[in-house]
Every structure is written in C-alpha cells, then in structure tokens.
Amino acid sequence: LAQSLFALFASSLAISLVFAIIPLCHNVVVLAVVMAVAGLAMGCIDTISNMQLVKIYQKDSAVFLQALHFFVGFGALLSPLIADPFLSDTNCILSNSTANASSNLPHIRKSLVPHHPGNLSHYDLPMKGMVVTRVSYAFWIMALINLPVPIAVFFLLYKERMVPCFSSSSHPLLSADELAMETRPTEKDDLSTAVQRPQAAGGHDDLFSCCQSKNFRGASYTYFAVHITGALVLFMTDGIVGEYSGFVYSYAVEEPLSVVHKVAGYLPSLFWAFITLGRLISIPVSYRMKPATMVFINVVGVLITFLLLLIFSYSVVFLFVGTASLGLFLSSTFPSMLAYTEDILQYRGCATTVLVTGAGIGEMVLQLLVGSIIHDRGSYSFLVCGMIFGGLAFTFYAFLLFFHRMYPKPSADLDDASPDKPAITDDTGQYQH
C-alpha cells in the first residue's frame, strides 16, 4: 500500500508539472517527451487506483470502481469546457493573410474538439507573425486544478505513518475503516485469519507480487484464459470509446448526413455526457446487480446500438439518440468487467494490471485502425468497424463465461455469490463485510 501511494503521489504531481511545462515547449521533440511522461503517469494512476480498490474492498469493490470511473468520465466532460474559453475563434498568429484565413478557423476548431483534425492541408494558415493565442492559460489552470490531488495523497501517506520523516503522526485513517484490509476478525474467523496473515504480510507489501513467476506455477490454462479474454473484451469496448469519440464528428459532417459543423461538434460532448451519466447510475445499480450481468447488458446494448445506427444511417436524429445510447452502454463496462474478472480470480489484483493494459492498447490501436480505414473506405466504414468491434466484444465475453464455468472453485467452503461471507485471498488476507 505504501508503494502504491508513493507511486500515486509521484504520478499525480508529475501531471501538474507536465501541464505547466507544455506551453513552454517550443520544440516538437521536447513536447513529445513531455507528453510521454504524462502518459506514463496517467497509466500508473489508472492501474494502481483500480488495483488497490479491488484489493481493499474485494466483493464490495464494484461500487467503488463505478464511482472511480464516474469521476473519470466527469473529468473528461469538464476539461474541454475549462479549455474552451481560451481557444481563439480567430487566427492564433496575426499576419497580412489573417483576414483571408480567419473564416477557416471555426471549422478547424470544431475539427479539433473530438481530437481528430482530419485533413487540414487545404487551409492556408499563417505560420509567421505575432502570436495572440491564450491557450497556455488553459494548461496552467489544469495544472492548478490537479495540484490538490498529490497534496491529498501526501496527506494520506502522512496520516498512515508512511512518510519516514513523520512516522510519529496521529492515528491512521484506515484502521477505522470497516472495509479496510486490516479489519479485526471475528472469533469464528480467528483460525483462518491466523493461517492467512503470514502470507499476507509477505505478499501485500510488494507492489509487483502478481508479476512473480512463482504465482504462475501449477496454474491451469483457464487461469490464463480468464485474463486474456477479459483483456480482449476491454480491448474492444475501450477501443470503441476511443474511436467513436474521436471520429463521430468526422462521420457526421460527411455525406450522407452532412451535419452542420457546429451541431456535429456537440456529438463528442453528448457521448461523454452519457458515459458520465451512465457511470453515476451504475453506482447504486452495481450494489444490486452482479457485475457479470451488467457486462452482458453492456455488450449486447453496444451491439444492438451499432446495428440500429447502420439501419438508420441516414437519420441525423437517430445519430444523436444512438450516440447517447452507446455512451450509456459503454459507461460501466470497464469497472464491471474489472469487478467480475477479479471475482473469478479471488481478488489478487493481477487481473487489474492485465485488463487496464488491454484497455489502453485497444484505445490506441483501434483509433489508428479506424482512422486509416475511414481514409481509404469512406465515412460509412466508421459504423461498420464499430459493429465488428461490438460483435468481437460479445464473442470474447461469451468465451469468458465459458472459461469461468471451467475455472476451479476455491477450496474453502464459501459461497462466492454471497456478499455476507468473507473471501480469503493469498495477497490481501482477511476480508470481512
């Protein structure tokens, strides 16, 4: 836990520093290096936060994962609104040709909203002159907004007596949490806790314990199959999130829809708004519904939505309805999938790393793939690709259900479906509701 919190502190502080430095980068190579550091930091935060929630709260982690990813979507919805006042509607560089080129800027600006500029080579923009942009302020404001995060993590480290210089601080916070890892066991569970505690003491303190080869010795093929199929499901669904938010604007402005640029610019915002809304709704729903059921509803909903989008591909109204529907169905897929897979594997935290990595790769690869296909085959292929990815996600989920049925049950006489009974694991020790 100490290693994870120190990694979160360093990563969140690095993001504030990166956002403060970005406006000062006048070389594309330096900017690329700075952005790579930001990507590494965000990847660490994504993996560690998901993994620790799973290891701390175990069977109750589904609710906390839904809350975590609600704030992910909420931030993705708010950050463009924070930056928008500082984006110029006129040229960022003043020159003699400013008057001729200024009419192109509204379209270029809307093209940049969904992170896909498209082919802008036919716009004549001045490259020399006086710079009048105020976009630097947007980065500095985001750096300041993020700064309370590393401060809060450091405060948690301080309260937990994990900072070497302040080891004699006040009482720790997590000792009072009934759902924490070090909960006091009941008399009935004293024996099982005593057996598990030596293993937990050695395994929990190591952040990379799940990567050790000794954990794979004697593992059945279904153990690896659950990891792989779970990662492939998120590869497809998170890839759909990336490619849809990135290319729905480009699809809308092209024929046959030919939506006005200003109206099409609302589509990515609508998509993220319903992702955020869906994650908010999923917080109470996940308390009553099993993660496996939620994932099934999500992947089927995504498949049906893309099918209807293909059928009504000439309807602008249904494009907006389908965008909202797709956002709702994709919203809770990641946290529900994470909770379901970790439940199968007894909350060891290893699956979290594999699933987060698979989701990140999917978000990167599918955007590149769809972008090249749209360039070669036209805008209609955007929906065809989404339909194929949705079908693959459903197929991989069906394989996951199959491997779940074949996965060996834990030796302890516990009812995994009941949240009222403890789940004993090798890594986190005793869990008590």
Meets criteria (at pLDDT 85 or above and hydrophobic (A, V, I, L, M, F, W, C)) for Ala76: no
Subset of the range 346-357 [open to solvent by 10 Å² or more (accessible area, probe 1.4 Å) and on the phi < 0 side of the Ramachandran plot]: Arg348, Cys350, Thr353, Val354, Val356, Thr357
Residues of the range 11-33 that turn out to be without any contact (Cβ under 8 Å) to a residue 60 or more places away in the chain and open to solvent by 20 Å² or more (accessible area, probe 1.4 Å), as a count: 12
Subset of the range 277-304 (residues that are among the β-branched types (Val, Ile, Thr) and open to solvent by less than 10 Å² (accessible area, probe 1.4 Å)): Val295, Val299, Val302
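Could you pull out the residue among Phe318, Phe329 that is touching a residue at least 24 places away in the same chain (Cβ under 8 Å) and either in a helix (DSSP H, G or I) or surrounded by fewer than 20 Cβ atoms within 10 Å (Cβ to Cβ) (or both)?
Working: Phe318 fails: touching a residue at least 24 places away in the same chain (Cβ under 8 Å).
Going through Phe318, Phe329 in turn, the sole match is Phe329.
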Of all residues making up the range 332-371, the number that are in a helix (DSSP H, G or I), more than 14 Å from the chain's Cα centre (by Cα) and among the aromatic types (Phe, Trp, Tyr): 1
Meets criteria (crowded, with 23+ Cβ neighbours inside 10 Å, over 26 Å from Ile228 (Cα atoms), in contact (Cβ under 8 Å) with a residue 24 or more places away in the chain and touching a helix residue (DSSP H, G or I) at 6+ places or on another chain (Cβ under 7 Å)) for Thr323: yes
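The values are calculated or read from the model by the stated rules, or taken from the named source; none is laboratory data. It should be emphasised that the depicted structure is a prediction, and the values quoted were computed from it without experimental measurement. Don't worry about glycine lacking a Cβ; one is built from the backbone with ideal geometry, like all the others, and counts go over all protein chains shown. Surface accessibility is based on the protein's heavy atoms, side chains included, excluding ligands, DNA and RNA. Shrake-Rupley method; radii C 1.70, N 1.55, O 1.52, S 1.80 Å.
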